[in-house]
Amino acid sequence: VELAHRVVTLALAEAFTISRETSTETEVVWVELRHDGVSGYGEAAPVDRYGETAASAAAFLDEAGEVVGDDPFALEAIHARLAERPGEQAAKAALDAALHDLCGKLVGLPVWRLLGLRRAGPPTSWTVWLGDPEDMARRAERVGSRFRRLKLKLGGRDGLDVERVRAVRSVTPLPLMVDVNEYWELDEAIENVAALAELGVEYVEQPLPAGDPGGARLKREAALPIYVDEDCHTLADVRECAERAHGINVKLAKSGGIREAVKMATSARSLGVGVMLGCMLESGLGIAAGAQVASLCDHVDLDGNLLLAEDPWPGVDFADGVQLPSEEPGLGVALVESPVDGSSEGR
Ligand SMILES: [Mg+2]
């Protein structure tokens with residue numbers, strides 16, 4: 001198997017603000033694995049919160065060719081070799097996606113079929129990023145009926161988070177969920193969650209900092225289900241998260257790919273914990289990998305490619321609020337045009 005990769009800059013349709021940062025563009029790494037004249041593709045969307053960047057992912061991929069080996073179907077063995085190298089989960093997820101794309105193309109089946117899964121998962125939420133309450137309400141109103149649920153980014157540290165939700169609630173009947181990205185303290189969280197329950201919010205994602213000792217108490221006392229994201233990366237984290245949350249947010253960029261995500265969903269089920277599927281700012285190539293396993297999840301937040309100015313990898317069908325993976329073999333997406341700038345190649 002031959003490996004090539006390049007770093008690409010994706011422009012966002014509008015600036016995206018969460019509690020930690022504001023972005024107008026994002027860097028990803030595209031991976032190509034060639035075997036028997038067929039190419040499989042995957043995307044790495046590195047999470048800077050975990051010390052990963054496009055440059056660190058690219059450096060990992062520079063050395064990853066021998067780890068992949070000669071048999072793209074030997075996924076368990078390849079993952080065991082990848083696990084010996086620490087970190088760089090996004091780069092590992094890109095390799096995992098490219099391997100699944102390749103295997104699907106070699107046998108002529110879409111990945112969701114190869115995994116024995118249903119094609120359609122739950123509808124994706126649309127992210128309303130952090131802003132003033134009126135501004136968030138305006139942006140929520142603009143969504144209209146295109147999406148069937150909204151995820152509001154909170155964590156303004158200005159005492160206005162509940163007001164943000166109230167403002168949005170006043171302009172839309174859509175189901176709402178909120179993501180605090182670690183910005184509340186325990187007492188504040190218990191109080192705010194109770195207020196959000198009154199506003200019909202369905203669940204609250206990562207209210208406390210990852211590892212916060214108040215997690216178990218919040219789970220006991222919270223008026224709404226608590227989902228964890230920054231607390232939960234791989235299969236090894238799921239058991240502990242079950243003590244502090246009612247659900248986990250699985251993202252391929254954290255798990256290291258589809259294969260680990262399936263294991264996490266299964267493990268969560270065995271612990272009676274809900275499963276959400278999330279994403280980063282990604283093109284359709286990254287979203288296509290997530291969409292393959294969406295049917296395993298209770299909640300889906302796969303809007304990364306819809307937040308871009310243009311999606312260079314069309315193929316995922318956004319139908320009636322659901323991000324439907326293609327019926328074409330592999331991940332079912334194809335590159336329409338090369339990015340104009342910001343790309344560098346490695347082989
Ligand atoms: Mg989150």
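Just so it is clear, none of the values below were taken in a lab; they were calculated from the coordinates. Keep in mind that this is a model prediction, so the values were computed, not measured. Positions of Cβ are backbone-derived with ideal geometry, glycine not excepted, and every protein chain shown enters the neighbour counts.
Calculate, in nm to one decimal, what residue 25 and residue 80 gain on full extension: separation in residues at 0.36 nm each, minus their alpha carbon distance. Please list the in-between numbers first.
On the way: separation 55, 0.36 × 55 = 19.80 nm, distance 3.34 nm.
So the chain would gain 16.5 nm between residue 25 and residue 80.
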Query - Cα→Cβ-extended label distance, 7 Å offset, between residue 320 and residue 11, nm - result: 3.5
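What is the gain in length, in nm to one decimal, between residue 2 and residue 106 on full extension, counting 0.36 nm per residue of separation less the C-alpha to C-alpha distance? Walk me through the numbers on the way to the answer.
Working: separation 104, 0.36 × 104 = 37.44 nm, distance 1.51 nm.
So the extension gain works out to 35.9 nm.
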Query raised in the report: When only C-alpha pairs under 8 Å and at least 6 residues apart count, what is the relative contact order of region 65-222, in percent?
Result: 15
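Would you work out if region 68-148 is rounded, prolate or oblate? Take a ≥ b ≥ c from the square roots of the eigenvalues of the alpha-carbon gyration tensor; rounded if a/c is under 1.5, else prolate when a/b is larger than b/c, oblate otherwise.
oblate
Using the 10 angstrom Cβ neighbour count as an exposure proxy, how do 203, 227 rank, fewest first?
On the way: 203 24, 227 28.
Ascending Cβ contact count within 10 Å gives the list 203, 227.
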Query - DSSP loop GluC sites (Glu not before Pro) with at most 16 other Cβ within 10 Å excluded, longest remaining stretch of the chain - result: 186-309
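Rounded to the nearest 0.05, what FRET efficiency do residue 188 and residue 243 have when you use their Cβ-Cβ distance and R0 = 30 Å?
On the way: r = 21 Å, r/R0 = 0.70.
Once the sixth-power term is evaluated, E becomes 0.90.
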Query raised in the report: On full extension of the chain, what length is gained from residue 223 through residue 148, given 0.36 nm per residue of separation minus the C-alpha to C-alpha distance?
Result: 24.7 nm
Query - Lys/Arg +1, Asp/Glu -1 at C-beta; region 71-185 dipole; positive extreme among 174, 155, 145 - result: 145
Report summary line: Percent antiparallel among DSSP beta bridges confined to the chain, rounded to 5, stands at 55
Query - Reachable aspartates and glutamates from residue 254, criterion Cα separation under 14 angstrom, eight or more residues apart if same chain - result: 43, 48, 52, 88, 96, 229, 230, 231, 237, 282
**Report entry** Nonlocal amide H pairs with residue 201, under 5 Å, H built at 1.01 Å
**Finding:** none
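Could you give the size of the charge dipole of the chain about its Cα centre, using +1 on the Cβ of each K and R and -1 on the Cβ of each D and E, expressed in debye and rounded to the nearest 20? Don't skip to the answer; put the middle values down first.
Details: 34 positive and 58 negative charges, 215 e Å.
Once rounded to the nearest 20, the dipole reads 1040 debye.
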Query raised in the report: Among 92/153; 151/263; 153/251; 92/151, which pairs are too far apart, with a Cα-Cα distance over 19 Å?
Result: 92/153; 151/263; 92/151
